[in-house]
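Visitor: Handing you this structure, nothing more for now.
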Amino acid sequence: MKEPKKRDLFPDIIKGIAIILVVIGHSIQYGSGEHYFQSESFFQNPLFKIIYSFHMPLFMLISGYFFYFSCNKYSFREGVISRFTKVLLPVIVWAALYFIIKMLLNGEYLGIKATVIQYIKICITSIWFLWAVFFCSLAVLVVKHFFKDNIYVYLLLFLLTFVVPDFFIIFLYKFMYPFFVLGYLYNKYKTKITWGKQGYWLVGFLLLYIVLMRFYVYDSFIYNGQYMHYNKDIPYQLYTDIYRLVVGLVGSVLVILILQYIFKNRQNSKVAVLLGTLGVYSLGIYIITGYIQPLLLKVPFLEGFSYLNVFLVSLVVLVVSYGLTYLLRKVPVTNKLLLGGR
């Protein structure tokens with residue numbers, strides 16, 4: 001009898017590292033007190049800069065990588081339905097729960113129209129990354145099923161991201177698109193790609209990343225510089241957009257190479273299994289921390305930045321969010337509605 005194929009743990013290890021970086025970044029931002037947050041001092045923090053230069057691109061690369069597997073299992077219609085139930089349904093349900101709790105605690109009712117508008121805003125902005133995953137998934141589904149994964153169509157869509165005007169938070173979706181597609185295409189063509197001696201690649205990407213980070217400034221954060229705006233200095237904006245994409249890709253590849261070097265023959269180690277488990281639970285951890293970490297601003301004894309505080313807060317948040325995700329996965333209804341499970 002043929003043994004079932006063993007799951008490759010390495011992509012989950014990458015997700016595990018990515019979700020740890022998300023939690024640490026949010027702990028720097030929200031876990032250092034109201035003054036540190038309001039003054040936006042976190043944008044000057046070296047560790048925050050490093051994390052935010054690539055952590056969401058890394059997440060999107062691995063999301064695109066995993067999407068390749070599911071994309072081949074479904075028709076276009078089935079793929080859209082699957083993306084809705086696995087990605088958007090949790091966003092909608094979590095936003096509804098958060099909105100209801102917020103209304104009850106505040107004891108206010110704004111009327112039907114204002115209530116609906118406020119809920120929609122919360123729904124769209126609270127977990128923006130999953131909206132980005134959804135729209136990027138739709139783009140790939142369209143190109144795969146109607147254009148047979150034509151590279152030129154993907155490239156055309158990428159170029160259109162510099163032309164389509166920004167509104168609301170669409171700049172975040174446009175920024176994520178190329179990384180999702182690259183992750184998807186890498187999985188498709190990985191058997192045809194040879195890296196050679198990975199040690200040379202690792203050193204090369206490390207040196208390149210160090211050089212690139214010397215130019216990382218306030219506008220380099222996607223939240224500040226956003227994407228192409230025609231009412232801005234277009235050459236500078238174009239430079240910022242391209243630089244941000246390059247440093248995001250270089251940083252992501254560097255992390256992947258480092259993890260590959262460390263865990264190439266150690267995927268059964270306790271650390272690898274722990275990171276892989278966090279990777280499997282990363283969706284729930286991401287959603288839960290997205291709602292609970294802003295509450296850290298209300299904790300009085302966290303006033304003032306320190307790396308010790310960041311480490312301790314991140315550890316507590318990871319343990320709590322992992323535990324909650326574990327419990328939610330155990331119940332079929334909550335697993336489906338809140339985590340996009342089966």
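Visitor: Which order results if Phe168, Phe134 are arranged by neighbouring Cβ count within 10 Å, fewest first?
Guide: Least crowded to most crowded, the residues run Phe168, Phe134.
Visitor: Then there is this: Calculate how large, on average over all directions, the projected area of the Cα convex hull of region 1-108 is; give the answer in nm² to one decimal.
Guide: Taking the Cα atoms of region 1-108, their convex hull projects to 11.3 nm² on average.
Visitor: Extent of region 276-336 along each principal axis, from alpha carbon coordinates, in Å, largest to smallest?
Guide: 41, 24, 13
Visitor: If you keep only loop residues by DSSP, which chymotrypsin sites (Phe, Trp or Tyr not before Pro) in region 38-83 have at most 10 other Cβ atoms within 10 Å of their Cβ?
Guide: Answer by residue number: there is no such site.
Visitor: Name the helices (complete DSSP H segments) of the chain with a Cα length along the long axis of 27 Å or more and a Kyte-Doolittle mean of at least 0.0, or state none.
Guide: 10-30, 46-71, 128-147, 170-189, 234-263, 307-330
Visitor: As an exercise, use a Förster radius of 41 Å and the Cβ-Cβ distance of Tyr236 and Leu295 to find the FRET efficiency, rounded to the nearest 0.05.
Guide: 0.65
Visitor: Still on this model: What whole-number value in cubic angstrom gives the convex hull volume per residue for the C-alpha atoms of region 166-218?
Guide: Each residue corresponds to 94 Å³ of Cα convex hull volume.
Visitor: Rank the residues Cys71, Cys136, Cys123 as a footprinting-exposure proxy: fewest other Cβ atoms within 10 Å of their Cβ go first.
Guide: Fewest-to-most ranking of Cys71, Cys136, Cys123: Cys123, Cys71, Cys136.
Visitor: Once you compute Rg and the Kirkwood Rh from C-alpha atoms, what is the Rg to Rh ratio for the chain?
Guide: Taking Rg over the Kirkwood Rh, I get 0.95.
Rule-based calculations on the coordinates, nothing more; no lab input. Note that this is a predicted model, so its numbers are computed, not measured. Neighbour counts are summed over all protein chains in view; Cβ atoms, including those assigned to glycine, are modelled from backbone coordinates with ideal geometry.
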